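As structure tokens, the structure follows; a few thoughts come after it.
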Amino acid sequence: MQSLRYLYRIGRGPSSSHTMGPDKAAHRFLSMYPDAESYKIVLYGSLAKTGRGHMTDAVLKQAFSGRKCEIVLDTETQTIQHPNTLDFTAYKDGEEVTKRFFSIGGGEILMQGEKQHESAEIYGLNKFSDISRYCREKEIRIWQYVEECEGPDIWAYLETVWTAMQSAIKEGLEAEGVLQGGIGTQRKARYLFRQRHIDESEETKVNRLVCAYAYAVSEQNASGGTIVTAPTCGASGVVPAVLKFSQKKRGFSDEQIIHALATGGIIGNLVKTNASISGAECGCQAEIGTACSMAAAAIGELYELDLDQIEYAAEMSIEHHLGLTCDPVNGLVQIPCIERNAVAAMRALNAVNLADFLADSRKISFDMVVDTMYETGKDLKVVYRETSEGGLAKNYKKDR
């Protein structure tokens, strides 16, 4: 598996696969052919069908600013290797050269012919069962395994990640107004955070605050603000929400929080390596389901649950998102994406509470549910995989 630096990426929203990935591919292609007379970019699959709503075209125009460049959204071609495919062509002296890139989720890209993670493998174990066995044998926790593989420098990076997550929450809680995109989505984080019920119970307060934090980050993402992929932009509100709430409620130190981020990161890395974190490839279960699983494992680490309990919490969190479709209205990362971050954050807390009692009776392993999620995602019709052609996206258009 790769370093957690490739999972937790600090960048601008609204989509790791549709903005961060294509932007990275554009700059890589420009570094290869900087002196071309003109360029052409063709987007396929989900990139073409939701590119405008996800601001893909705007990001690419910015990357090629000052150069002659044509951008084509090909919504017809079906014979592509990956649902997030881009072709870059450079023209010079009557000759042309084309390179194909794939945006595989979480802001990561591959050029055709490359192997995934071929140059960045630092973890020798790629299954939770193997990691769990190793940690038991050495009597260490998952975050200590991370330090063994990554070195102590990883903590400075994760500290930066946590700072960025907190900044996204703070900025989101202060912002007001309507999100750009044309469907009139109102920011709600500030209202949720400040609007207390007169006779508010402790349970209601927990729900309100966790959801406020999740909304804050998700609304920042939707507006093109700076967030951390966890594991993606569209699911970036879940992990920060539960960690912020837990720290406020129980007084966990920043050191404990970054250890929790490391544990959650291993969960995200396992999904990324053995399945997918791309909504265009496996639906929203790959994004929100993984984020919920990461959050549950992170909370489990904060409360020093044992390996079985952490595994059960992480497994449940994906299991009960199986089959979740990715159907963004108008191709925007707003409806249903923002609400889903809040719901998943609450589900992560519930999963940990249940795992604390019932881990010894579980029947499903984390590795099994990851394989199942990947199979389920491949079985989903393409209209439910970030194309805005099915589900809520389709019915919203019909209603309008």
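The values are calculated or read from the model by the stated rules, or taken from the named source; none is laboratory data. Computed from a predicted model, the values in this text were never measured in an experiment. All Cβ positions, even for glycine, are placed from backbone atoms using ideal geometry, and neighbour counts span all protein chains on display. Areas reflect the complete protein model, heavy atoms only, side chains present, ligands, DNA and RNA absent. Shrake-Rupley method; radii C 1.70, N 1.55, O 1.52, S 1.80 Å.
Table for the structure above
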| item | result |
| --- | --- |
| Which listed residue, of A355, A344, A359, A313, is modelled with pLDDT under 95 and open to solvent by less than 40 Å² (accessible area, probe 1.4 Å) | A359 |
| Top-ranked residue in segment 54-70 [being among the aliphatic types (A, V, I, L, M) and part of a helix (DSSP H, G or I); ranked as farthest from G283 (Cα to Cα)] | A63 |
| Complete set of residues in segment 231-280 that are among the polar types (S, T, N, Q) and open to solvent by less than 10 Å² (accessible area, probe 1.4 Å) | T232, S236, S246, T263, N269, S276, S278 |
| Qualifying residue in segment 109-126 (condition: touching a residue at least 40 places away in the same chain (Cβ under 8 Å), touching a helix residue (DSSP H, G or I) at 6+ places or on another chain (Cβ under 6 Å), buried (at least 20 other Cβ atoms within 10 Å of the Cβ) and in a strand (DSSP E or B)) | yes |
| Unmet criterion (only one of (1) over 25 Å from R52 (Cα atoms); (2) of a type outside the set (D, E, K, R); (3) in contact with a Cys (Cβ under 9 Å, 6 or more places away or on another chain)) for G279 | (1) |
| Where G323 falls short, out of the listed (1) in a loop (DSSP other than H, G, I, E, B); (2) over 18 Å from the mean Cα position of the chain (by Cα) | (2) |
| Leading residue by the ranking (farthest from Y213 (Cα to Cα)) among those in segment 174-194 that are open to solvent by 20 Å² or more (accessible area, probe 1.4 Å) and hydrophobic (A, V, I, L, M, F, W, C) | I183 |
| Complete set of residues in segment 71-108 that are in a loop (DSSP other than H, G, I, E, B) and in contact with a helix residue (DSSP H, G or I) (Cβ under 6 Å, 6 or more places away or on another chain) | D74, T75, I80, P83, G106, G107 |
| Filtered residues of segment 368-389 (kept if among the small types (G, A, S) and part of a helix (DSSP H, G or I)) | G377 |
| Subset of segment 328-341 that is open to solvent by 30 Å² or more (accessible area, probe 1.4 Å) and not hydrophobic (A, V, I, L, M, F, W, C) - its residue that is farthest from I140 (Cα to Cα) | N330 |
| Residues (over 21 Å from L307 (Cβ atoms) and surrounded by 14 or more Cβ atoms within 10 Å (Cβ to Cβ)) located in segment 140-159 | W155, Y157, E159 |
| Selection within segment 316-327 - in contact with a Cys (Cβ under 9 Å, 6 or more places away or on another chain) and either surrounded by fewer than 24 Cβ atoms within 10 Å (Cβ to Cβ) or free of Cβ contacts under 8 Å to residues at least 12 places away in the same chain (or both) | H320, T325 |
| Leading residue by the ranking (nearest to I267 (Cα to Cα)) among those in segment 130-139 that are in a helix (DSSP H, G or I) and open to solvent by 50 Å² or more (accessible area, probe 1.4 Å) | D130 |
| Single residue of segment 363-400 satisfying the filter (within 27 Å of A297 (Cβ to Cβ), among the acidic types (D, E) and in contact with a helix residue (DSSP H, G or I) (Cβ under 6 Å, 6 or more places away or on another chain)) that is most open to solvent (accessible area, probe 1.4 Å) | D367 |
| Index of the failed condition, A36 passing every other in (1) within 20 Å of N330 (Cβ to Cβ); (2) open to solvent by 20 Å² or more (accessible area, probe 1.4 Å) | (1) |
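This table checks each residue for (1) free of Cβ contacts under 8 Å to residues at least 24 places away in the same chain; (2) closer than 18 Å to S218 by Cα; (3) outside any loop (DSSP other than H, G, I, E, B); (4) within 22 Å of the chain's Cα centre (by Cα).
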| site | (1), (2), (3), (4) |
| --- | --- |
| Q2 | no, no, no, yes |
| G11 | no, yes, yes, yes |
| H18 | no, yes, yes, yes |
| P22 | no, no, yes, yes |
| S31 | yes, no, yes, no |
| V42 | no, no, yes, no |
| S46 | no, no, yes, yes |
